[in-house]
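The values are calculated or read from the model by the stated rules, or taken from the named source; none is laboratory data. Since the structure is predicted, the reported quantities are computational estimates derived from the model, not experimental observations. Note that we place each Cβ from the backbone using ideal geometry, even for glycine, and neighbour counts take in every protein chain shown. We work out accessible area using only protein heavy atoms, side chains counted, and drop any ligands, DNA or RNA first. Shrake-Rupley method; radii C 1.70, N 1.55, O 1.52, S 1.80 Å.
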Amino acid sequence: VAFLVAYHQNKQLIGEKGLLPCKLYLQNVKKYFKGKINLDALSYAPTIIWFLDWSDMDSVLDYLSVAGLATSAFVLITGCANMVLMAVLWVLYLSLVNVGQIWYSFGWESQLLETGFLAIFLCPLWTLSPLPCSTPPSSIVIWGFRWLIFRIMLGAGLIKIRGDRCWRELTCMDYHYETQPVPNPIAYFMHRSPGWFHQFETLFNHFIELVVPFFVFLGRRMCVVHGALQILFQVLLIISGNLSFLNWLTIVPSIACFDDLSLGFLFSSRRGGVKDRVVQMQASRAAGEQPPLGYGCYIRKVVNVSFGLLIAYLSVPVVLNLLSSRQVMNTSFNPLRIVNTYGAFGSITKERTEVILQGTSSPDPNDPAAVWEEYDFKCKPGDLKRRPCFITPYHYRLDWLMWFAAFQTYEQNEWIIHLAGKLLAQEEEALSLMATNPFAGKAPPRWIRGEHFKYKFSRPGGTHASEGKWWIRKRIGPYFPPVNLQGLKKFYEDRNWPYPVRD
């Protein structure tokens with residue numbers, strides 16, 4: 001899914017004519033390090049794009065995405081993987097994340113990289129088999145996954161308790177469903193749950209994130225309970241919101257909390273199947289028929305021990321951060337993002353605001369008679385009558401960043417002015433990020449402006465809902481003033497952005 005999102009959106013976001021071109025970003029990094037691609041530059045932005053041809057960056061981004069998409073699809077469909085394939089996937093996605101700038105600044109990007117790095121050592125070196133007989137997964141790697149889910153959940157719980165007071169007062173869920181980045185239709189109804197239910201939800205959240213993680217260290221049965229509760233919790237989050245592939249991804253390390261006995265029911269007992277082959281392997285070893293260990297097995301043990309020591313060493317700043325009263329969330333302490341700190345919703349917005357982009361063909365944007373038409377995004381709230389979308393595990397990066405932009409200023413999010421210029425030019429790449437183009441088949445707009453609105457869910461069964469409205473809104477004021485292409489020329493030149501050209 002991550003590579004699919006990259007293939008569909010990278011060109012528009014970080015490509016040659018993207019909102020934040022990655023070529024310009026790499027050039028600035030190179031310039032900062034005295035014009036050289038040295039170890040410092042590689043450490044600052046580890047990506048194989050440094051060594052590729054930048055003359056057609058769109059093709060480079062596509063090649064990386066397609067390579068990742070094909071490799072991950074092979075692993076998913078066949079159930080076969082080895083260290084080489086998993087390392088390729090990790091390097092490809094690391095290369096995209098480190099040039100993705102704010103579009104790849106979310107915690108689940110680092111979480112995917114850490115999960116992927118652990119997966120490298122879960123697999124045999126060369127063998128492609130769903131059941132590699134000679135290289136069973138090391139307990140060190142299994143505990144690496146358990147350590148990951150422990151940190152993910154505990155970090156999320158601690159940042160809440162230390163952050164917004166509504167988590168301590170058990171009132172955060174009164175707002176969460178309505179103000180989360182991209183609500184879905186179920187959130188519309190969950191928002192209207194009674195207050196006691198929202199309090200129960202908050203208490204359950206604290207139990208899952210602050211208490212249950214310690215079950216992983218309390219023996220087999222409690223570890224299995226931990227895995228089951230975490231997966232249940234992630235499924236509930238998947239149902240109630242569009243948090244990209246975050247919750248789907250968090251299920252992965254939870255699987256390491258189970259053993260063969262607890263997972264055996266998922267596999268067929270037919271003769272020759274995986275379960276039957278495991279039974280035969282266990283019987284052979286019980287009878288003393290285990291094949292002699294070669295040098296490769298000893299090398300593997302050395303690699304696994306080295307891997308465990310690396311994870312322990314890189315975990316030191318992460319643990320110190322968890323213990324700190326000034327805890328930060330979703331941060332990497334090493335450029336390869338091997339061990340990271342996580343967290344989610346440390347603070348809850350109490351009101352939902354949205355930036356609505358509007359265009360007009362009027363020569364005078366200040367004319368009271370000017371007709372302003374709205375652009376709708378793929379998923380974020382806009383049209384009051386449009387049903388909230390359900391897209392998880394897919395992810396619209398622009399829609400997510402628009403949520404952040406709504407409680408900041410356009411000066412803090414210059415890319416939104418870049419987007420406005422591209423809409424003025426009706427660039428196909430930018431328009432592909434939008435759900436609607438009110439000027440399709442017509443002359444491009446002469447002016448684009450950003451308007452700031454406060455949004456609230458309509459009440460199910462109420463007056464607005466009977467009119468087909470999922471949302472009600474009230475104008476706050478202008479977000480950015482009307483702009484035209486000519487007026488943006490110097491703005492583009494100062495930032496070395498390509499000037500939009502009408503397609």
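Residue by residue through the range 202-207, what is 3J(HN,Hα) from phi via Karplus (6.51 cos²θ - 1.76 cosθ + 1.60, θ = phi - 60°)? Round to whole Hz and write x for glycine and proline.
Running phi through 6.51 cos²θ - 1.76 cosθ + 1.60 with θ = phi - 60° gives 5, 4, 4, 4, 5, 5 Hz.
For the chain, give the percent of accessible area contributed by carbon and sulfur heavy atoms, probe 1.4 Å, rounded to a whole number. Please report the intermediate quantities before stating the final value.
Numbers: 15020 of 23780 Å².
Carbon with sulfur: 63 percent of the solvent-accessible area.
With charges set only on the Cβ (+1 for Lys and Arg, -1 for Asp and Glu), what does the dipole of the range 253-363 come to about its Cα centre, in debye to the nearest 20?
Details: 11 positive and 6 negative charges, 40 e Å.
Once rounded to the nearest 20, the dipole reads 200 debye.
Excluding SER432 itself, calculate the net charge of residues whose Cβ lies under 10 Å from the Cβ of SER432, where each Lys or Arg counts +1 and each Asp or Glu counts -1. Write down the numbers at each step before the final one.
Details: positive: LYS11, LYS378; negative: GLU427, GLU428, GLU429.
Charge balance near SER432 sits at -1.
List the pairs from LYS11/LYS385; LYS36/LYS490; LYS422/LYS489; LYS11/LYS422; LYS31/LYS422; LYS442/LYS469 whose alpha-carbon separation is above 20 Å, in the order I gave them. All intermediate terms of the calculation are to be shown ahead of the outcome.
Details: LYS11/LYS385 31 Å; LYS36/LYS490 29 Å; LYS422/LYS489 12 Å; LYS11/LYS422 14 Å; LYS31/LYS422 27 Å; LYS442/LYS469 28 Å.
LYS11/LYS385; LYS36/LYS490; LYS31/LYS422; LYS442/LYS469, as the Cα separations exceed 20 Å there.
What's the angle, to the nearest 10 degrees (0 to 90), between helix 220-240's Cα axis and the longest principal axis of the chain?
Orientation of helix 220-240: about 20 degrees from the principal axis.
Give me the net charge for the shell around GLY346: Cβ to Cβ below 13 angstrom, other residues only, Lys and Arg +1, Asp and Glu -1.
Neighbour charge sum, excluding GLY346 itself: +3.
Tell me the label-point distance for the pair VAL225, PHE33, using the 7 Å Cα-to-Cβ offset, in nm and rounded to one decimal.
Reported label-point gap for VAL225 and PHE33 is 5.0 nm.
In debye, nearest 20, what is the charge dipole magnitude of the range 353-495 about its Cα centre with +1 on Lys and Arg Cβ and -1 on Asp and Glu Cβ, if you could check?
Numbers: 20 positive and 17 negative charges, 123 e Å.
That gives the range 353-495 a dipole magnitude of about 600 debye.
Placing unit charges on C-beta atoms (Lys and Arg positive, Asp and Glu negative, everything else neutral), compute the dipole magnitude of the chain about its Cα centre in debye, rounded to 20.
Details: 48 positive and 37 negative charges, 176 e Å.
Result for the chain is approximately 840 debye, rounded to the nearest 20.
Is any residue of the range 470-503 close enough, with backbone N under 15 Å, to a label point placed 7 angstrom from the Cα of GLU428 along the Cα-Cβ axis, and if so, which?
Output list for this probe position: 501-503.
Dipole of the chain (Lys/Arg Cβ +1, Asp/Glu Cβ -1, origin at the Cα centre): which of MET329, ALA312, TRP248 lies farthest to the positive side?
Toward the positive end, the furthest listed residue is ALA312.
Relative contact order of the range 98-190: what whole-number percent is it, with Cα pairs under 8 angstrom and at least 6 residues apart?
Numbers: 27 pairs, mean separation 14.6, N = 93.
RCO, the range 98-190: 16 percent.
By the gyration tensor of its Cα atoms, with a ≥ b ≥ c the square roots of the eigenvalues, what is the shape of the range 71-128: rounded for a/c under 1.5, prolate for a/b over b/c, or oblate?
On the way: a/c = 2.47, a/b = 2.20, b/c = 1.13.
Judged from the Cα gyration tensor, the range 71-128 comes out prolate (a/c at least 1.5, a/b above b/c).
Taking the Cβ of GLU451 as the centre, find all other residues whose Cβ is under 11 Å away and add up their charges (Lys, Arg: +1; Asp, Glu: -1). Numbers along the way, then the final one.
Values: positive: ARG449, ARG473, ARG475; negative: GLU354, GLU374.
Once all neighbours under 11 Å are counted, the net charge is +1.
Could you order peptides 203-210, 424-431 by the average number of other Cβ atoms within 10 Å of their residues, highest first? Working shown, then result.
On the way: 203-210: 17.1, 424-431: 19.9.
In descending order of packing, they fall as 424-431, 203-210.
Report, in deg cm²/dmol and to the nearest 500, the calculated mean residue ellipticity at 222 nm for the chain, where each DSSP H run with n ≥ 4 adds -39500 (n - 2.57) and the sum is divided by the residue count.
Numbers: 21 runs with 246 residues, N = 503.
Helix contribution divided over all residues of the chain: -15000 deg cm²/dmol.
Under the classification rounded if a/c is under 1.5, otherwise prolate if a/b is larger than b/c and oblate if not, where does the range 10-93 fall, given a ≥ b ≥ c as square roots of the Cα gyration tensor eigenvalues? Could the numbers behind the result be given before it?
Values: a/c = 3.24, a/b = 1.65, b/c = 1.96.
Oblate is the answer for the range 10-93, as a/c is 1.5 or above yet b/c matches or exceeds a/b.
Calculate, in nm to one decimal, what CYS133 and GLN408 gain on full extension: separation in residues at 0.36 nm each, minus their alpha carbon distance. Please report the intermediate quantities before stating the final value.
On the way: separation 275, 0.36 × 275 = 99.00 nm, distance 5.50 nm.
Once the chain is fully extended between CYS133 and GLN408, it gains 93.5 nm.
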